[in-house]
Amino acid sequence: MHRLVHATSAPAGCALFQARTTINGVAAICDALGGLYLPESRTLVVSDLHLEKGSAFARRGMMLPPYDTIATLRILEAVLARHDPKTVISLGDNFHDRRGSAAMPENFRQMICSMAHGRDWIWINGNHDPDGAFGLPGAFMDELRHAGLVFRHEPSLKDGLGEIAGHLHPSATVRRRERSVRRPCFATDGKRLLMPAFGVTTGGLDLRHRAMNGLFDRQYLVAHMMGRDRIYSVRFANLLG
């Protein structure tokens, strides 16, 4: 939940909370709150919100703290305020299951409507929510080509140049002060970028997991790790296996 603290306390534009990179020649800023900002097109990208995960688990008889949606939306409000984008792209698994958007309480729906007001808002469909969302502003699609990049939920082994994708929830591990630390990360080799999961109750998949095989040129792969007080940029060769 440290991102929720940062959302209300981190100063705008603080260099420690951002890492600059390029994807297929397009400049981008990795924000420690979990969003990717493309300044040339004023586009903000987030991925894997997994809204209403708590209610989805409750329908299956498994109880989670019921605060995941409000916490995720508060962090989203903060990253929007920080960058004031013209366009917002949410890269799929926006809701944890097909029923999530219809079951979402009205006050959360109004929060999203307020954030979307005056902006182009694109919802990419994910494997958890392939049918789009109910009663929310914006457009719903499986893939978008925009600002010289391609945005989709699941990364493609065949069409990865200029790709921004989610789905795999990348994370990385380093050693700090005699102990190992694992954090969500933005992962990029300069050709494509995988987004960290934005939802506050999502897990992560290590960059050395076999599901990552073939996605990156590991010689150039960098993990921009979301630390508790900053972003740490670490080359793949320096990560723990």
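The values are calculated or read from the model by the stated rules, or taken from the named source; none is laboratory data. A quick note: this is a predicted structure, and the numbers were derived from the prediction, not measured. Reconstructed Cβ throughout: ideal geometry from the backbone, glycine too, with neighbour counts over all protein chains shown. Remember, those area values only see protein heavy atoms, side chains included, never the ligands or the DNA or RNA. Shrake-Rupley method; radii C 1.70, N 1.55, O 1.52, S 1.80 Å.
Structure notes:
- Rolling a 1.4 Å probe over the heavy atoms of the protein chains gives region 158-241 an accessible area of 49 Å² per residue.
- Beta bridge orientation in region 133-241: antiparallel %, DSSP, nearest 5: 75 percent
- Near Ala172: Cβ cut-off under 9 Å, other residues only, Lys/Arg at +1 and Asp/Glu at -1. The net charge is +2.
- Cross-link partners of Lys191 among lysines (Cα-Cα below 23 Å; sequence separation of 8 or more within a chain): Lys158
- Antiparallel %, DSSP beta bridges [both residues in region 79-151], to 5: 30 percent
- The sum of -39500 (n - 2.57) across all DSSP H runs of n ≥ 4, divided by the residue count of the chain, sets its helix-only mean residue ellipticity at 222 nm to -5500 deg cm²/dmol.
- Measuring nothing but protein heavy atoms, the accessible surface of the chain at 1.4 Å probe radius is 51 percent carbon and sulfur.
- Taken as entire DSSP H runs, the helices of the chain that both span 20 Å or more between Cα atoms along their own long axis and average 0.5 or more on the Kyte-Doolittle scale are 68-83.
- Legend: residues Tyr220, Tyr67, sorted from most to least accessible area (1.4 Å probe; ligands, DNA and RNA excluded), read Tyr67, Tyr220.
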